[in-house]
Every structure is written in C-alpha cells, then in structure tokens.
Amino acid sequence: MKVLFIGGTGKISSACTALAVERGHDLYLLNRGQTDRPIPEGTTILNGDIYDPESARAAIGDHTFDVVVNFIAFTAEHIEFDLALFRDRTAQYIFISSASAYQSPPVNLPVTESTPLDNPYWKYSQDKIACEERLMQAYREEKFPMTIVRPSHTYDKTMLPFQGGWNVIDRLRKGKKVIVHGDGSSIWVLTHHADFAKGFVGLIGNNRAIGEAFHITSNELLTWNQIHEIAARAAGAPKPQIVHVPSDLINVFDPNWGVGLLGDKAVSMIFDNTKIKRISPDFTGTISYERGAQEVINWFDEDPARQIVDEEFDQLTDRIIAAYERVFEEI
C-alpha cells in the first residue's frame, strides 16, 4: 500500500517505519528531515512541516495515499488541518493518541478501549481527547475513515522511563538516593517500540479498524520500585536507595514533574489487549524491560556525550528528598 507517515522518525514511529517497509508498504515520510535515526532504504521523504499549512500542502502536492498516519498531532487544530488536507486523499487516517487520555484514576481495571476518556490533571491528555472527539465527529457525520491508536509508555533505546532521565542512572551509579513517587507499588506498563510496531502495522489498511480505537501495550506488569531496580541492575549500579515521596509533594516542588504523575504515572494501569490481538493477530509483547533497559543503558554507554546530567534537576531531587526527610525528623 502507499502509506504516508507524518513524523515517522520518533521514539514510537521509527520502529513502525522500519516494520512497514519490511512488510512491503510503499512508505512516504513527511517531516523536516531533522533526525539522527536511520531511515530505511526505499522510503520516500517529503520535506515539509505539518505545522506550517503552506509547507505541508507543497510537500504533499497531488499525492493520494491508501493510508495516512499522523504521529505528531496534539491538538484539535492539528486534526482540523488534517481533515481539510486529507479528505478524499486517503482510505484510512490513523491518529496516534495516548493511553493517558483514559479515566485517571480508572474506576475499573483492566482498562479496555471502552474505558471513559477523562483526565482532569494533564492538558496534554485533554488535548488528545479533544482530537479523538473531533475525529469521531468526522466519522459519524461524514464517514471520514479514521482509526485511533493509544500507546501507553512506549520507549526505544534512547529513552529512560523516569523524570530526569540520565540523572537517575547517574545517581544510581553513585549510590545516591533517588525519588520514586508514592510508595513505589503502583503498577505500570512499559512497551518497547518494536513490540508496539507489530500491533500497529497490522492496522494499516485494515478495514475492520475503521471507526475504531485501539491501545497497544505490553502485558508485562511492573511496579515503579521494580522499574528502578531493573534499571540499576542494567547500569551495574548498587541496590537503589529509594526515597518514596508523595506525588502531591513532588507537584508542589515541580508542577511539570507533578502533572505527569498526577495525570498519568501515579496510579496503577493495567491494559486488556484483547481487541488489538483480535485484529492484529501477530501482535505480542516479547521484549521484557530487563532486556529493554539493558539496550537503553548500552546506548548511553556507547557514547558518554549522551550521559547529560542536569545539575538543576539533581539539585531539585536533593531538595525534595531533604524536605521529605525533614518531616520525619520533626515527627
């Protein structure tokens, strides 16, 4: 099929690009060409900026596509532009939403695609919900052939799953204390982008996916304590010195960190993947976080220039830990 990926070189989309080409799709990428990730041979690059309407229209030209996928639409305005650009140009439009759009905290587990969309904390998630609502309206009113995909916490070899990134590994290797929100027992799901791609590519050109929403996640369930312990082992670090800090307190010190906890990571999330497995039967999560964490650490260790320590974040971590421990001293 002739397929357009808007983006296609990011943490999630790069694996989808590689697998789509491997599966024989005639793949086009619309992006600004600003990536260090390798692009598979045989891919056609359309140089343009989807956020600049004139640039995007010029790059697309008279092309029509069997499938268009937008990995980098974040607001209803982005969706509105895509509707105007791709009406009558594609037989399927796939929007990459987010599992953080689901009700938080969820009333019932596991989360299914019918779980309500309601995140009162995080604007990012609220904007994704608005995107989905606009697409559902377009499907109902004009049969716009949309499909919605909701990734959860999906990573590649360049990405660590906690706030502060490499700072946490640096602290672990030095035997310094690290923060884990709550009591560290909330359950989380980390999905390797190569596993995500197997589920995703099965939706391309699939008529049964039109008008439907799917999440695609690993079935490996980990607590945040376990995630930090796995990362420490991969880094060859001592057993983590974990300080459990309430998410509300972290939010007081750093609302940017806090909103990602209160609106997402602070609550347990378990996903039922029955729907994607039914429509994309070769989807299965085979890459454990033990393996994935080692891949990430190896990537950082291959080039020490990647091991950037943010001194400001390091100091913030120390301040939060000191404030939290001071409460116990006073008690």
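The rows are residues; the columns are (1) of a type outside the set (D, E); (2) under 21 Å from A194 (Cβ atoms); (3) not assigned by TED's automatic domain parsing to the domain that holds P106.
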position	(1), (2), (3)
N251	yes, no, yes
I276	yes, yes, yes
D282	no, yes, yes
W299	yes, yes, yes
F313	yes, no, yes
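So, L83, is that one in a helix (DSSP H, G or I), touching a residue at least 24 places away in the same chain (Cβ under 8 Å) and surrounded by fewer than 19 Cβ atoms within 10 Å (Cβ to Cβ) or not? In short, yes. Taking each residue of segment 272-296 that is among the basic types (K, R) and looking for partners that are outside any helix (DSSP H, G or I) and at pLDDT 95 or above with beta-carbon atoms closer than 7 Å, six or more apart or interchain, yields K275/E113; K275/F214. Report yes if V68 is in a strand (DSSP E or B), of a type outside the set (S, T, Y) and in contact with a Leu (Cβ under 6 Å, 6 or more places away or on another chain), otherwise no. So V68 fits the description; yes.
The values are calculated or read from the model by the stated rules, or taken from the named source; none is laboratory data. These numbers were taken from a predicted model, which means no experiment stands behind them. All Cβ positions, glycine included, derive from the backbone under ideal geometry; neighbour counts span all protein chains shown.
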